[in-house]
Amino acid sequence: MDNLPQNLPEFLPGWVWLVGAGPGDVGLLTLHAAHALSQADVVVYDALVGDHILALAGPQVELEYAGKRGGKPSPRQPDISRRLVQLARDGKRVLRLKGGDPFVFGRGGEEALSLVEAGVPFRIVPGISAGVGGLAYAGIPLTHRTVNSAVTFLTGHDAAGTVPDTVDWDAVSKGSPVLVMYMALKHLDKISGKLLDAGRPETEPVALVANATLPEQHVVETTLARCVDDCAAAGLKPPAIIIVGDVVRLRDGLDWLGALNGRDLVWNPLNDKDQTLTG
Ligand code: SAH
């Protein structure tokens, strides 16, 4: 990229930039991220950062993988943090590249705090989170004035690999008309069960969006009662974002990617008399 704005900050040796790479489509990178890729000495990247994005790195860049490999667990978080500190102390321009946004279920805060502890200077570059950009590519707005005034982002997976106790499922079920769930595919049966137990209707619309924004994006539209079976039937694999709520119905009108492939969009997707708004 030769014609980036001149006044972007210089990437100085000994610094770590913690950068979000967005959900996948290279066009969703920020200018700061593209600039950092062209200037870095070393890029430490996660599993969700694709080759098309890494291809933007300058020829001088060393690429270091810090994600899961072949079913083996990810390197431990303290090891990654130590590595970032070590590279910075060696005087490198260290680009820590993460999928989506580093501060949304991305452990960016943990890594940044370890830089603070070590006295390493750093910059944070936000990215488009999968729960925002990925759903936009599925044609699903997170809010719509006549449908919802609130949305909740949550994780379906805690550090121990189970459905998180730290989410008050009853409270979010009752209080939030739209739920956007990261890392929730594995435990979808338990999670949908908790939402149904808390009183969400069986017919409530749900969409599962795998590989959002990438050419292999796959969207399954279903309901709370059917989502587990429909997900299995579709053979959906992670990474996937799951959204629960009536905004999913807007997809009939807003699936702009589908329209590119010939889908007819309806202009009044909420006007179907059989469907009533909830939440
Ligand atoms: N920091 C990231 C989230 C990391 S947690 C962000 O802001 O997007 C990993 C989870 O993100 C995955 O399990 C999945 O739920 C979601 N995710 C990331 N990229 C995705 C993609 N391209 N398509 C669908 N889901 C994605």
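A few comments on the model shown:
- Looking across segment 155-166, just one residue is within 25 Å of residue 144 (Cβ to Cβ) and either touching a Lys or Arg at 6+ places or on another chain (Cβ under 9 Å) or open to solvent by 80 Å² or more (accessible area, probe 1.4 Å) (or both), and that is 156.
- Failed item in (1) surrounded by 18 or more Cβ atoms within 10 Å (Cβ to Cβ); (2) free of Cβ contacts under 8 Å to residues at least 60 places away in the same chain; (3) in the same structural domain as residue 45 (by TED's automatic domain parsing), with residue 101 passing the rest: (2)
For (1) modelled with pLDDT of 95 or more; (2) part of a helix (DSSP H, G or I); (3) within 24 Å of residue 121 (Cβ to Cβ); (4) in contact with a Ser or Thr (Cβ under 8 Å, 6 or more places away or on another chain), each residue gets a yes or a no:
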| position | (1), (2), (3), (4) |
| --- | --- |
| 11 | yes, no, yes, no |
| 14 | yes, no, yes, no |
| 33 | yes, yes, yes, no |
| 47 | no, no, no, yes |
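- Residue count for segment 64-90, restricted to those that are modelled with pLDDT of 95 or more and either more than 19 Å from residue 21 (Cα to Cα) or open to solvent by 90 Å² or more (accessible area, probe 1.4 Å) (or both): 8.
- Figure legend. Inter-residue proximity from segment 48-66: first residues touching a residue at least 60 places away in the same chain (Cβ under 8 Å), second residues not hydrophobic (A, V, I, L, M, F, W, C), beta-carbon distance below 8 Å, spacing 6+ or different chains. Indicated pairs: 48/24; 48/67; 48/98; 48/99; 48/100; 48/239; 50/24.
- Tally of residues being surrounded by 23 or more Cβ atoms within 10 Å (Cβ to Cβ) and over 23 Å from residue 115 (Cα atoms) across segment 1-28: 2
- Segment 104-150, residues that are without any contact (Cβ under 8 Å) to a residue 24 or more places away in the chain and among the basic types (Lys, Arg): 145
- Whether a residue is open to solvent by 10 Å² or more (accessible area, probe 1.4 Å) and either in the same structural domain as residue 43 (by TED's automatic domain parsing) or hydrophobic (A, V, I, L, M, F, W, C) (or both) was assessed, and residue 140 does not pass this test.
- Whichever residue in segment 9-28 is touching a residue at least 60 places away in the same chain (Cβ under 8 Å) and more than 16 Å from the ligand (Cβ to nearest atom) and, among such residues, is nearest to the chain's Cα centre (by Cα): 16
- Filtered residues of segment 199-237 (kept if touching a strand residue (DSSP E or B) at 6+ places or on another chain (Cβ under 7 Å), open to solvent by 60 Å² or more (accessible area, probe 1.4 Å) and either within 14 Å of the ligand (Cβ to nearest atom) or among the aromatic types (Phe, Trp, Tyr) (or both)): 218, 237
- Entirely in segment 191-279, the helices (runs of 4 or more DSSP H) that have 1 or more residues that are out of contact with any helix residue (DSSP H, G or I) (no Cβ under 8 Å at 6 or more places or on another chain), touching a residue at least 40 places away in the same chain (Cβ under 8 Å) and of a type outside the set (D, E, K, R): 251-254, 256-260
The values are calculated or read from the model by the stated rules, or taken from the named source; none is laboratory data. As the structure is a computational prediction, the values presented were derived from the model and not from experiment. Quick reminder, even Gly has a Cβ in these numbers, built from the backbone with ideal geometry, and neighbours come from all protein chains shown. To get the accessible areas, we keep the full protein, side chains included, count just its heavy atoms, and leave off ligands, DNA and RNA. Shrake-Rupley method; radii C 1.70, N 1.55, O 1.52, S 1.80 Å.
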